[in-house]
Amino acid sequence: MKIAVNVLNFGPGATAANLRGWARFAEDTGFHAAMISDHVTVTPDVAEQYPAPFYDPFATLAWLAGITERVELGTSVVILPYRSPLQTARLMANIDHLSQGRTILGVGVGWAKQEFDALRVPFERRGAITDEYLTAIRRMWTEEVVTLDGEFVSATGVSTAPLPVRTPPVWVGGSSRAGIRRAVRLGTSWHPINARLTWLREQGLPALRAEAQAQGAPLPGFAPRTRFRITDTPLDDEKRLPCEGTLDQIRGDLREFAELGAEYLMLDTYRGKPDQLTRPEDDWRELELFAGRAFDLGAGSVR
């Protein structure tokens, strides 16, 4: 199991120096991937959870590609309806070249209606838009010239070069039935966010397997994202999210994620509210303590 970290590209601590620090920390400490989130405009509904400033994921990843050598770079998640798939496909392919094949595209349908309204994107059609855009993006990564004739995007004979060095893995977010269906049909991995282990074991992953069987499709990979916080005393197992609690509790969570078949596990130090933002140095200290314990998870562990 590979371990990824969430790079906080929003809020008062989002500075060029701190973004560079996050990337260098992830690479130097031995994490496998550094992921970054997405919003185009910080409308009031976005600001309640993700305050300004908000660095663009594509511009930031392109910059980080030039100051890293090993760590994979990706999005968790790009809100796919916000941009033309022609633009998204080309941006990711370009970054894949700049990073020599180190990109991951995590995608989601979005939730902030005020942001959709500001961008003049129909909120109620976001699922259908995401499906069509993702289908187009996957084609543009494998075909030199593409003609698209869909409800939301049409183009005739467009050149898509350069194609990616490595076709980016596609992590599809969402724990709804539609999200799971999309992950099976259009993704390479399912990317649920902040799901409890009991739900994943008893509902989420069985639903994923059932959907793959229903579609006659291969079972996608499993790349969950979860909140990360180390505490001095144990937290209530019935109330905490996985990877929140003491190091011993987190060790058990990691083992269970591995047993559930997670190929990647993404750790997110953001606690969900602007007034709970922590300094990058504090986040790095906790993550380094986690990595330094050398959890016995096999060859794919952090160290």
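Taking GluC sites (Glu not before Pro) as candidate sites, keep only those in a DSSP loop with at most 15 other Cβ atoms within 10 Å, then name the longest stretch of the chain containing none of them. The reported range is 152-237.
3J(HN,Hα) along the range 203-218: 10, x, 5, x, 5, 5, 5, 5, 5, 4, 5, 5, 7, x, 10, x Hz, from the Karplus curve 6.51 cos²θ - 1.76 cosθ + 1.60 with θ = phi - 60°, whole Hz, x for Gly and Pro. Taken one residue at a time, the phi angles of the range 169-184 give Karplus couplings (6.51, -1.76, 1.60, θ = phi - 60°) of x, 10, 9, 9, x, x, 10, 6, 4, 5, x, 5, 4, 5, 4, 5 Hz. Gly and Pro are set to x. Dividing the mean sequence gap of close Cα pairs (under 8 Å, 6+ apart) by how many residues the range 90-154 holds gives a relative contact order of 22 percent. Backbone amide hydrogens, once placed in the peptide plane, bring Met266 within less than 5 Å of Ala4, Arg225, Thr226, excluding anything fewer than 5 places away on its chain. Between Ala155 and Arg177, the FRET efficiency from the beta-carbon distance, with R0 = 45 Å, is close to 0.90. Taken along the Cα-to-beta-carbon direction at a fixed 7 Å, the label points for Leu219 and Leu163 span 3.0 nm. Partner lysines whose Cα lies under 21 Å from the Cα of Lys113, excluding those fewer than 8 positions away in the same chain, are identified as Lys273. Helix 16-29 and the long axis of the chain differ in direction by around 70°, with both axes built from C-alpha atoms.
What FRET efficiency, computed as 1/(1 + (r/R0)^6) with R0 = 25 Å and r the Cβ-Cβ distance, is obtained for Arg271 and Ile67, rounded to the nearest 0.05? Please list the in-between numbers first.
Details: r = 27 Å, r/R0 = 1.10.
Step by step, r from the Cβ atoms, then E = 0.35.
Could you work out [θ]222 nm for the chain from helices alone, using -39500 (n - 2.57) per DSSP H run of at least four and dividing by all its residues? Round to the nearest 500 deg cm²/dmol.
Details: 10 runs with 109 residues, N = 303.
-11000 deg cm²/dmol, from helical runs alone.
Where the centre of each part is set by its Cα atoms, how far does the range 115-194 sit from the range 1-65, in angstrom? Measuring centre to centre over Cα atoms gives 22 Å.
Taking amide H positions as modeled 1.01 Å from N, with prolines and chain starts lacking one, the residues under 5 Å from Val165 and 5 or more places away or on another chain are His97, Gly101.
Helix 280-292 and the longest principal axis of the C-alpha atoms of the chain enclose an angle of approximately 70°. Annotation: amide H-H contacts under 5 Å for Glu244 (H modelled 1.01 Å from N, sequence separation of 5 or more, or interchain): Arg229. Couplings 3J(HN,Hα) of the range 256-270, computed from phi: 5, 4, 4, 5, 6, x, 5, 7, 10, 10, 9, 9, 10, 7, 6 Hz, in residue order, whole Hz [Karplus 6.51 cos²θ - 1.76 cosθ + 1.60, θ = phi - 60°; x for Gly and Pro].
Which percent, nearest 5, of DSSP beta bridges in the range 2-292 are antiparallel? Within the range 2-292, antiparallel bridges account for around 15 percent of the total. Once both labels are positioned 7 Å from their Cα atoms along Cα-to-Cβ, the gap between Ala59 and Thr15 label points is 1.8 nm. The magnitude of the dipole of the range 2-292, with charges of +1 and -1 set on the Cβ of Lys/Arg and Asp/Glu and taken from the Cα centre, is near 460 debye.
Just so you know, all these numbers are worked out from the coordinates, no wet-lab data involved. Quick caveat: nothing in here was measured; it's all calculated off a predicted structure. In this analysis, Cβ positions are derived from the backbone assuming ideal geometry, glycine residues included, and neighbour counts consider all displayed protein chains.
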